[in-house]
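Notes to accompany the following structure.
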Amino acid sequence: MDNIYFLILVALGILAIADLVVGVSNDAVNFLNSAIGSKAISFKTIMIVASVGIACGAIFSSGLMEVARKGIFNPGEFYFDEIMFIFMAVMITDILLLDFFNTIGMPTSTTVSIVFNLLGAAVAMAILKIANVNGSFSDIVHYINTDKAIEIIIGILSSVVIAFSIGAFVQWVSRVLLSYQFQRKANWVGAVFAGIALSAISYFILLKGIKGTPFADQTYGFIGGVTIKDYLETEVYKVGFINFAFWAILSFVLIQFAKVNIYKVIIGVGTFALALAFAGNDLVNFIGVPIAAWQSYIAWSGSGVDASEFSMGILANTVETPTLLLFLSGMIMVATLWMSKKARYVADTEINLSREGEAKEKFQPNFLSRGLVRFSINLSTWASSIVPNSLQNKINKRFEKPTLNLSKEKVLQLPAFDMIRASVNLMVAGILISIATSYKLPLSTTYVTFMVAMGTSLADRAWGAESAVYRVAGVLNVIAGWFSTAIIAFIASGVVLSLINFGKGAAIAMLLFAAVLLLVRNYISYNKKSKEIKVEDRLRRAESSSIQGVIEETATNIANVVKRSNKIYSNSINGLAKQALDSLKKNKKQGNKLALEIEDLREHTFYFIKNLEEAHIGASNFYINIMGYLTDMSQSLEYIGKVSYNHVQNNHKKLKYNQIKELKEIDHKLEEIFNSTQKAFEEKSFEQIGAILDSKQELYDLVSQKIDIQVSRTRTEESSPKNTTLYFSLLLETRDLITAMMNLLEQYYREHDSTVQPATIEKK
């Protein structure tokens, strides 16, 4: 039986490596986003700076390991075997939970995950112990370090409000003082801003770095005979002033004589600081539990006491974590940072939510986001009514952004925000996290960095009337994910602990096997999802300035839509014939995907028209018309896919043999038309369209014939209202689909002129 604890220790070591990988994939967004979003520094440089920061932060993170040892529960109330089961339950649950959020691209908090996993497992074990002795469940307070747990939880939750508020305030002040024309300001202005930012960042880098070294507790005569740690903590204003003076003077010299862009320096130093703070603050989330388990095992193995009788009060003592382990953990984190694909996937969520102007909106508005936006607008209107117009005008001028007439695609290629906002993001987040770390309070880096970014976005007026409901909905979704992380972690770890406690070694083996299977499944699913969208399947935006140019440019899009329409329609009919629910579900998603892509093209209409000259205004009418026809086609296909899936999902009666036969007849005829159309547009042989249009009436007559047959069938033999409704719906939507496609083809056939050379917008 004793061997089981050694095997648990080995398993925890392997799980620690896995947790480092999934944890960094989730949290890389915290220190990379500002630098990546502003595009101030090359990606390679960002990664190098962040890697150095992580390595340094990992080495100086020993103090926070106490959270995993005694921060959540009272170790003296548990025996060695119970502690090992708690730690195993925590690690299994933590890895699976973080990997799930990584896979869906949602940033969550590794701190919240580990804290609530520890709390859930400890509570579950305490309940089991109390139940075994028929004790009172009110005694649970003796097992849980309620004061520390409440302190940690309050610190985490309050960080949301504090980070958002401070981020918004600092960004508003910075923008009012510097505006969007900050590069044109006098050199001393940039030097003062850099002095404030760099002194604040460097002070907390220094404070945190010194605390992790042997020099921290030594006294020195030149600072009045006190320790460096105490001097930094007590002489804040003196150190702060000297720090500011040094950085401000250095910044002025760099700007004035070396012509250095000081804002890039701030972003570089800030990225280093935030990476350092992340590693120092969050390393406990990944290796704190396995290290505590290792230290527990060493203490128990030399005691000669039975595992079920050895009290774990030893964990209440302060024990330093070996520097070698911290260094190795840091190297794994650095390697993950460079190799993880999921890290960039998670990062996209935050960057798009904080982006200036247009973005690929990932979230849909809900009643709460609409309500909050409406309330904010009313509040802003009221505030405007009491502020003098002259002051309003002065402030508004500071927020005026440079105007660029670019396509949506080119807008998305620009930096998501400028270097002022990136600097504020890094400065505020780094300071807040470092303060919490210095007090050994595991503040959530995800909460802080995300809410700071959202606060600065709001203050910077990045959330306009066009995007506010989407951005607020995104923020609410992310916050909801954080709360769900806490709830899921607490419940899941409690359940896993209960299974381990009852099943012992067999349960651990099965749970580890299940965890590996789930991780592999998520990995395969993520890779498959990443490869699903091929380049040739994406719809491309037109940039031509003439009708003939638009015809040429959009031909590939039309061929693409027709090919996918053919597949979606055929899959709907075949799925109904076979009652294939999975196939119909996938087909429904494909219909929705096509509709969303066409909707994205319609949103491009604004930029397309803006780029046109007066002489080419006819191209806009053509573009608008074809977008309308494509939308009609996608809506019909979307509806056909939806009603087909719902019919089978609700276990309604199958369509009759004759009904399926008639639908297949229409499908075969449509397939011929789709294939001919696809070929004509792929080859750009628009003269072939005439022959396709000649078959229009034949198609209409075929569908009308089937409608008449079904009317007769309904009057005499049909007994299923659901079947009748479905069949008529399919026929009517098919007719609408044909109408939209024929209108589209007529538009191209009528407007195409092979004698005219297509004109295009000059690429800048």
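The values are calculated or read from the model by the stated rules, or taken from the named source; none is laboratory data. Given the structure is predicted, the values throughout are model-derived calculations rather than measurements. We place every Cβ from the backbone using ideal geometry, glycine too, and count neighbours over all the protein chains shown.
Some observations on this one:
- Checking Phe204 against (1) in contact with a Ser or Thr (Cβ under 6 Å, 6 or more places away or on another chain); (2) at pLDDT 85 or above, the condition it does not meet: (2)
- Of residues in segment 138-161 being aliphatic (A, V, I, L, M) and exposed (fewer than 13 other Cβ atoms within 10 Å of the Cβ), the one modelled with the highest pLDDT: Val161
- Residue count for segment 690-721, restricted to those that are of a type in the set (Ser, Thr, Tyr) and not in a helix (DSSP H, G or I): 3
- In segment 714-724 there is no residue that is touching a Phe, Trp or Tyr at 6+ places or on another chain (Cβ under 8 Å) and at pLDDT 85 or above.
- First in segment 333-357 and modelled with pLDDT of 70 or more, second anywhere and of a type in the set (D, E, K, R) and buried (at least 20 other Cβ atoms within 10 Å of the Cβ), Cβ under 6 Å, 6 or more apart: Leu353/Arg471
- Among the candidates Ser385, Ser369, Ser380, residue that is touching a residue at least 60 places away in the same chain (Cβ under 8 Å) and of a type in the set (Ser, Thr, Tyr): Ser369
- Test: Asp2 is at pLDDT below 80 and of a type in the set (D, E, K, R): yes
- Residues satisfying the stated conditions in segment 278-310, i.e. of a type in the set (S, T, N, Q), touching a helix residue (DSSP H, G or I) at 6+ places or on another chain (Cβ under 6 Å) and modelled with pLDDT of 80 or more: Ser296, Ser308
- Here Phe252 meets each of (1) modelled with pLDDT under 70; (2) within 22 Å of Gln183 (Cα to Cα) with one exception, condition (1).
- Considering (1) surrounded by fewer than 15 Cβ atoms within 10 Å (Cβ to Cβ); (2) under 20 Å from Lys563 (Cα atoms), the lone condition that Asn658 does not fulfil carries the number (2).
- Among (1) of a type in the set (Gly, Ala, Ser); (2) modelled with pLDDT of 90 or more; (3) not assigned by TED's automatic domain parsing to the domain that holds Asn650 - the single one Ser729 does not satisfy: (3)
- Going through (1) more than 18 Å from Lys567 (Cβ to Cβ); (2) surrounded by fewer than 17 Cβ atoms within 10 Å (Cβ to Cβ); (3) out of contact with any Asp or Glu (no Cβ under 9 Å at 6 or more places or on another chain) one by one, Lys679 falls short only on (1).
- Test: residue in segment 91-114 that is crowded, with 24+ Cβ neighbours inside 10 Å, farther than 30 Å from Ile431 by Cα and touching a residue at least 60 places away in the same chain (Cβ under 8 Å): yes
- Looking only at segment 732-753, and only at residues there that are among the aliphatic types (A, V, I, L, M) and without any contact (Cβ under 8 Å) to a residue 60 or more places away in the chain, the one that is surrounded by the most Cβ atoms within 10 Å (Cβ to Cβ): Met742
- For segment 644-652, the condition holds for no residue, the condition being that it is at pLDDT 90 or above, in the same structural domain as Ser572 (by TED's automatic domain parsing) and over 27 Å from Ala580 (Cα atoms).
- Restricting attention to segment 448-473, the residues that are among the β-branched types (Val, Ile, Thr) and under 19 Å from Gln364 (Cα atoms) add up to 2.
- Looking only at segment 441-486, and only at residues there that are more than 26 Å from Pro415 (Cβ to Cβ) and of a type in the set (Phe, Trp, Tyr), the one that is surrounded by the fewest Cβ atoms within 10 Å (Cβ to Cβ): Phe483
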